[in-house]
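Just so it is clear, none of the values below were taken in a lab; they were calculated from the coordinates. Owing to the predicted nature of the structure, the values given are computational and were not obtained by experimental measurement. Here the Cβ positions follow ideal geometry from the backbone for every residue, glycine too, while neighbour counts run over all protein chains shown.
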Amino acid sequence: MRSFLSLASFFAAGALASHLGSTSEDWRDYTWSYYPENTADELKELGLPLPEIAAPITTVHEHENYVVKLECLGCPFRVREYGQVVEHWQENPQDNSLLFNFSIAEDKRSLLVNGKQIYPLVLPANIYSYQVPANLSADIMRKMVDMRMMDKSWNVGTQYGSFEISFEQTTMMTNERLVQLLQFDITHAEIRWIQNPGVALLNQPKQKLIQLKLSQENMREGLKIKSIELVEQGEKITHAKMPCGKEAPRFTQVFRATEWDYYGHIGTLAWTWKKATGEATDWLFDHTYLLFALVFVLVFLRRRIQQRREAKRAIEDPEAGLLIIEDDEEAAPEHVQDEQQVEPELEKLVAEEKISDEAAPVNGDVDVVEEKKEEEAELTVSDESKPSLLD
Ligand SMILES: *[C@@H]1O[C@H](CO)[C@@H](O)[C@H](O)[C@H]1NC(C)=O
Ligand SMILES: *[C@@H]1O[C@H](CO)[C@@H](O)[C@H](O)[C@H]1NC(C)=O
């Protein structure tokens, strides 16, 4: 549940958060993120020109960071109005797009999308993507980039609803030395956990995917984005020859967000185990006093069982019993009440046995005594072979 709570943040979250973002702590700098843009009609009435529309790909830092506005064909549109706690789905949804921030990680060894590593892929890659109108203006896009709306430091609730992304990713060698092709194809955009759940399949023939070329010429320079483009299914590169002339192998990996939860990949053995232990620990944390009680009971039971065993052993093997009783004399004050009632009887029993033992030689039959001693030796041996059970 924990991580999903953060999803519930709404416009108010900005005002409540002690920290708004990495670029400004003045709430007025964020108004663009929760007031909708003027429509074409409004602008006409105001006598203002139509704004320039944001490009599908915005270069933030060449070779390192690009923001992609990917049109999501046929996707429903989440409407989040300022001051309204309950959002709704737009009837006749307007054309809309999803935002993806492709960046090379600081260590220059991996590629991130909205902060999650996708190359080399690390699962689960729970990527959340903002939905924006397809005709988002270039001005607002600039603000999103400059104020780092897709960064984890961003804490302001916005008018833009976010979707959880599932994807299929293909990597392939190319005929260029040390250049890999990466196709990042979004398959689902969905929301769970809130009042309007829904899923959109990005499977229309004209739906575009993101195709990148990644290069790593040397360790010092690290990974670089050589190119990034949006292509339709029919236009994507499906096979390539490696520099040696052989057909390049392709690797496809699929990540389906709903197949994963807090405990991992649902249905796997590891998931079952983590869920069971996780839930048990959660429960115990909520019932800490029970944990203490349980530990207390276990310690108590263990002691009792041990005492019973020792007592039993004492009956079977009086000499060993004697040793135990001597050992236990120091610990005696700790003994539980009813255990003390057992002990005098034991002592009596052992004492009686001792008397009959001592009486034996007086009766003069030495052979019998020796035989008895041998028997005892055997008994001790067989006793020693049991320690694992006794412990
Ligand atoms: C953007 O698209 C919406 C929905 O189609 C439309 O109402 C609005 O006028 C458009 N805005 C501009 C500036 O063209
Ligand atoms: C894109 O991601 C990188 C790495 O997480 C981050 O430093 C940058 O601020 C993000 N850009 C935006 C526009 O959020």
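For segment 103-130, a residue qualifies if it is closer than 13 Å to G222 by Cβ and away from ligand 2 (no atom under 13 Å from the Cβ), and the qualifying residues are R109, Y119.
Taking residues in segment 26-53 that are under 12 Å from L136 (Cα atoms), and partners anywhere that are among the acidic types (D, E) and within 14 Å of ligand 1 (Cβ to nearest atom), the pairs with Cβ atoms closer than 8 Å and at least 6 places apart or on different chains are P51/E37; P51/D139; E52/D139. Filtering segment 152-179 to residues that are over 18 Å from E71 (Cα atoms), touching a Ser or Thr at 6+ places or on another chain (Cβ under 6 Å), polar (S, T, N, Q) and surrounded by 15 or more Cβ atoms within 10 Å (Cβ to Cβ) leaves T158, T170.
Which of the strands (runs of 3 or more DSSP E) contained wholly in segment 25-139 include at least 1 residues that are within 16 Å of ligand 1 (Cβ to nearest atom) and basic (K, R)? Explain how you work it out, then say what you get.
Values: elements: 57-61, 65-71, 96-104, 111-113, 116-119, 127-133.
The strands (runs of 3 or more DSSP E) meeting that bar are 65-71.
Having 3 or more residues that are of a type in the set (D, E) is the bar; report the strands (runs of 3 or more DSSP E) wholly within segment 197-279 that clear it. Break it down into steps so the answer makes sense when it comes.
Values: elements: 198-201, 208-215, 224-232, 250-255.
Correct list: empty, since no element meets the threshold.
Restricting attention to segment 142-150, does a residue exist that is within 16 Å of ligand 1 (Cβ to nearest atom) and in a loop (DSSP other than H, G, I, E, B)?
Here is the first cut: in segment 142-150, the residues within 16 Å of ligand 1 (Cβ to nearest atom) are 142-143.
Narrowing further to those that are in a loop (DSSP other than H, G, I, E, B): none.
Within segment 142-150 (the criterion being within 16 Å of ligand 1 (Cβ to nearest atom) and in a loop (DSSP other than H, G, I, E, B)), the answer is no, since none of the residues qualifies.
Restricting E259, E316 to residues that are over 30 Å from I165 (Cβ atoms) and out of contact with any Asp or Glu (no Cβ under 6 Å at 6 or more places or on another chain) narrows the list to E316.
The set of residues in segment 247-272 being more than 24 Å from H188 (Cβ to Cβ) and touching a strand residue (DSSP E or B) at 6+ places or on another chain (Cβ under 9 Å) consists of E247, A248, P249.
Table: residues versus (1) within 16 Å of ligand 2 (Cβ to nearest atom); (2) of a type in the set (D, E, K, R); (3) under 29 Å from the mean Cα position of the chain (by Cα).
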site	(1), (2), (3)
L50	no, no, no
E71	no, yes, no
C75	no, no, yes
V79	no, no, no
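The set of residues in segment 180-196 being in contact with a Leu (Cβ under 7 Å, 6 or more places away or on another chain) and either aromatic (F, W, Y) or not in a loop (DSSP other than H, G, I, E, B) (or both) consists of Q180, L182, Q183, F184, D185, I186, T187, H188, A189, W193.
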